[in-house]
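The block underneath contains the structure these notes are about, expressed in structure tokens.
Each value in this text was obtained by applying a stated rule to the coordinates, not by laboratory testing. Keep in mind that what you see is a predicted model, and the values were worked out from it rather than measured. Here the Cβ positions follow ideal geometry from the backbone for every residue, glycine too, while neighbour counts run over all protein chains shown.
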């Protein structure tokens, strides 16, 4: 019976601010974390944490909380993690996302550069390097 009431309260927390608001989505992610960690928080607790986390990207919050929810609790660790623990996980998720985005950007730039070189070669336009120019100048001066 208590589990059913807890789930009902979580459902209310998810819909109080409207399904589409960022805060309600964060509340939903926190409720999922609570279930995974077997923690019993009330709606107001989730809202407080959601307010603390609102400044972060939703994808980073989701990734960070998911990591916490999937790992086993350390001995003596509380069921629901502290704000500091959540922030550390969210910041790590943000760094990892930014690293992936940077790598993807560099990869796209490399592909664009390679495509540009292929197009120039196909058009018969060759860019000379400094070394190639020096060799050509040597041949002419001989």
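Taking the number of other C-beta atoms within 10 Å as the exposure measure, put 117, 27 in order starting with the fewest.
Numbers: 117 13, 27 26.
Going from sparsest to densest Cβ surroundings: 117, 27.
What ranking do 71, 94 get, fewest neighbouring Cβ atoms within 10 angstrom at the top?
71, 94
Among 80, 49, which comes first, second and so on when ranked by fewest other beta-carbon atoms within 10 Å?
Sorted ascending by nearby Cβ count, the order is 80, 49.
Order these peptides, 60-66, 35-41, 105-111, by their mean beta-carbon neighbour count within 10 angstrom, highest first. Could the numbers behind the result be given before it?
Working: 60-66: 21.0, 35-41: 15.7, 105-111: 10.0.
Result, highest mean first: 60-66, 35-41, 105-111.
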